[in-house]
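Participant: If you scroll down you'll find the structure; I have some questions about it.
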Amino acid sequence: MTWQLNEIFVTSAGQVAAGRAGDGPDLVLAHGWPWSSYSWHRVIPELAKRYTVHWYDMPGYGRSDMQADQATSLDVQGGVFAEMLVHWGLARPHVIAHDFGGATTLRAHLLHACDFETYVLMNVVAMRPWGSDFFDHVGRHVDAFLGLPPHIHKAVVEAYIKGALVSDIDTGDFDALVAPWLSEAGRGSFYRQFAQADERFTAEVEPLFGDIRCPVNILWGEDDPWIPLARGRALHQLVGKGSFTALPGIGHLPQLEAPEQVLDHLKHT
């Protein structure tokens, strides 16, 4: 019952690598940027004791297709999430979403009529404004970054990922988060994600947050350097239902910074 990617599905945005584990009610994990489904690997074994857990690498991420002409913006990802539920034959799964996985699944739920049994949003991108000055700078100068020598590109990726963390994570976990972006295809895809980021894809769903059709709970790493705690509380107010839990001393990646604490909270959702 460990993380693996042994399924391949063809979607409207290219081939997607996926996996599943466990036997029980269906649960789908939605990762964010610049991560992959590997970011869930420390919580999957415990979750698989209670659920049939499904996960996949979004197009442009991890081991899924990375193509030079590939559209992988949040509107595309919302549609692909809906396609994945069809591929798996899931009518009403439990869903846990992190970072861009928040906007992805919110779009699937609110714009593509995907129904969820329960919904957990963890340090999600969901409301404007999002993205740092660096994020905006890279998006406007992608060609310059594509020309970086490999060792400098690796340093950029490592520094970017470290910027999300407050607590130390396992060295092997850190290296596994970085690795997909170091191939030739991965380098191009890394910078294309900056270029394709567009706040209109969250603006489209922000007025609809009160229309979420299932129990929703929000978990937030209290010391998140990327998306402040206040943004999580504002999201909770707009949703207007469910619970909000702050996780003290944790940054943007709770599932790797404090997996046991995350699992403890998930037991009660």
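Participant: From the list D198, D223, exactly one residue is at pLDDT below 95, over 15 Å from V120 (Cα atoms) and charged (D, E, K, R). Which is it? It would help to see each step written out before you state the result.
Facilitator: Details: D223 fails: at pLDDT below 95.
Exactly one of D198, D223 is at pLDDT below 95, over 15 Å from V120 (Cα atoms) and charged (D, E, K, R), namely D198.
Participant: Hey, can you tell me all the residues within the range 119-137 that are open to solvent by 40 Å² or more (accessible area, probe 1.4 Å) and in a loop (DSSP other than H, G, I, E, B)?
Facilitator: First, the residues of the range 119-137 that are open to solvent by 40 Å² or more (accessible area, probe 1.4 Å): 128-129, 131-134, 136-137.
Passing the criteria: R128, P129, G131, S132.
Participant: Starting from residues that are outside any helix (DSSP H, G or I) and small (G, A, S), keep the ones in the range 233-269 and report whichever is nearest to D211 (Cα to Cα). If you could, list the steps in order and put the result at the bottom.
Facilitator: Within the range 233-269, the first condition is being outside any helix (DSSP H, G or I), and the residues that meet it are 240-253, 258, 267-269.
Those still in the list that are small (G, A, S) too: 240, 242-243, 246, 249, 251, 258.
Details: G240: 9, G242: 13, S243: 16, A246: 23, G249: 32, G251: 29, A258: 31 Å.
Checking each candidate, the answer is G240.
Participant: Here's another thing I want to ask about it. On the given criteria, is A68 in a loop (DSSP other than H, G, I, E, B) and either under 24 Å from T269 (Cβ atoms) or among the hydrophobic types (A, V, I, L, M, F, W, C) (or both)? Can you show your working first?
Facilitator: Numbers: in a loop (DSSP other than H, G, I, E, B): yes; either under 24 Å from T269 (Cβ atoms) or among the hydrophobic types (A, V, I, L, M, F, W, C) (or both): yes.
Yes.
Participant: Another question, if that's okay. Return the total of residues in the range 189-213 being open to solvent by less than 10 Å² (accessible area, probe 1.4 Å) and either in contact with a helix residue (DSSP H, G or I) (Cβ under 7 Å, 6 or more places away or on another chain) or farther than 23 Å from Q70 by Cα (or both).
Facilitator: So the answer is 7.
Participant: Only residues that are touching a helix residue (DSSP H, G or I) at 6+ places or on another chain (Cβ under 7 Å), aliphatic (A, V, I, L, M) and either surrounded by fewer than 22 Cβ atoms within 10 Å (Cβ to Cβ) or within 16 Å of A113 (Cα to Cα) (or both): list them for the range 79-101, please.
Facilitator: Across the range 79-101, the qualifying residues are A82, V95.
Participant: Return the residues of the range 149-184 that are open to solvent by 40 Å² or more (accessible area, probe 1.4 Å) and outside any helix (DSSP H, G or I); say none if nothing qualifies.
Facilitator: Once the filter is applied, which keeps residues that are open to solvent by 40 Å² or more (accessible area, probe 1.4 Å) and outside any helix (DSSP H, G or I), the range 149-184 yields P149, V166, D168, D170, L182, S183.
Participant: Here's something else I'd like to know. Go through the range 233-243 and give me each residue that's surrounded by fewer than 17 Cβ atoms within 10 Å (Cβ to Cβ) and either farther than 19 Å from G32 by Cβ or at pLDDT below 95 (or both).
Facilitator: First, pick out the residues of the range 233-243 that are surrounded by fewer than 17 Cβ atoms within 10 Å (Cβ to Cβ): 233-234, 237-238, 240-241, 243.
Matches in the range 233-243: R233, Q237, L238, G240, K241, S243.
Participant: Residues in the range 218-232 that are surrounded by fewer than 14 Cβ atoms within 10 Å (Cβ to Cβ) and assigned to a helix (DSSP H, G or I): how many? Steps first, please.
Facilitator: Step one: list which residues in the range 218-232 are surrounded by fewer than 14 Cβ atoms within 10 Å (Cβ to Cβ), which gives 228, 230.
This time we only want the ones that are assigned to a helix (DSSP H, G or I), so: 230.
Final tally of qualifying residues: 1.
Participant: Could you list, in sequence order, the residues of the range 22-48 that are open to solvent by 10 Å² or more (accessible area, probe 1.4 Å) and in a strand (DSSP E or B)?
Facilitator: Of everything in the range 22-48, those that are open to solvent by 10 Å² or more (accessible area, probe 1.4 Å) and in a strand (DSSP E or B) turn out to be G22, D26.
Participant: Identify the residue in the range 37-71 that is more than 13 Å from the chain's Cα centre (by Cα) and of a type in the set (S, T, N, Q) and, among all such residues, is farthest from V10 (Cα to Cα).
Facilitator: T52
Participant: Counting only residues that are open to solvent by 20 Å² or more (accessible area, probe 1.4 Å) and at pLDDT 95 or above, which one in the range 68-78 is farthest from T202 (Cα to Cα)? First the steps, then the outcome.
Facilitator: Our first condition is that a residue be open to solvent by 20 Å² or more (accessible area, probe 1.4 Å); within the range 68-78, this holds for 68-69, 71, 75-76.
From what is left, the residues that are at pLDDT 95 or above are 71, 75-76.
Details: A71: 17, D75: 9, V76: 12 Å.
Among residues in the range 68-78 that are open to solvent by 20 Å² or more (accessible area, probe 1.4 Å) and at pLDDT 95 or above, the one farthest from T202 (Cα to Cα) is A71.
Participant: Could you grab me the full set of residues in the range 102-113 that are surrounded by fewer than 24 Cβ atoms within 10 Å (Cβ to Cβ) and of a type outside the set (A, V, I, L, M, F, W, C)? Outline the logic, then answer.
Facilitator: Narrowing the range 102-113 to residues surrounded by fewer than 24 Cβ atoms within 10 Å (Cβ to Cβ): 110-113.
Listed by number, the list holds a single entry, H112.
Participant: Sort through F209, F190 and tell me the only one that's modelled with pLDDT of 95 or more and over 18 Å from the mean Cα position of the chain (by Cα).
Facilitator: On the way: F190 fails: over 18 Å from the mean Cα position of the chain (by Cα).
Exactly one residue qualifies, and that residue is F209.
Participant: Just to be sure, is R63 closer than 20 Å to L182 by Cα and at pLDDT 95 or above?
Facilitator: On the way: closer than 20 Å to L182 by Cα: yes; at pLDDT 95 or above: yes.
It is true that R63 is closer than 20 Å to L182 by Cα and at pLDDT 95 or above.
Participant: Determine which member of the set Y51, Y56 is touching a Pro at 6+ places or on another chain (Cβ under 8 Å), crowded, with 19+ Cβ neighbours inside 10 Å and within 29 Å of G172 (Cα to Cα).
Facilitator: After ruling out the rest, the residue left standing is Y51.
The values are calculated or read from the model by the stated rules, or taken from the named source; none is laboratory data. Bear in mind that the values here come from a model prediction, so they are computed numbers and not experimental data. Using ideal geometry, Cβ is built from the backbone for each residue, glycine included, and neighbour counts are taken over all protein chains shown. The area values use the complete protein model at the heavy-atom level, side chains included, leaving out ligands, DNA and RNA. Shrake-Rupley method; radii C 1.70, N 1.55, O 1.52, S 1.80 Å.
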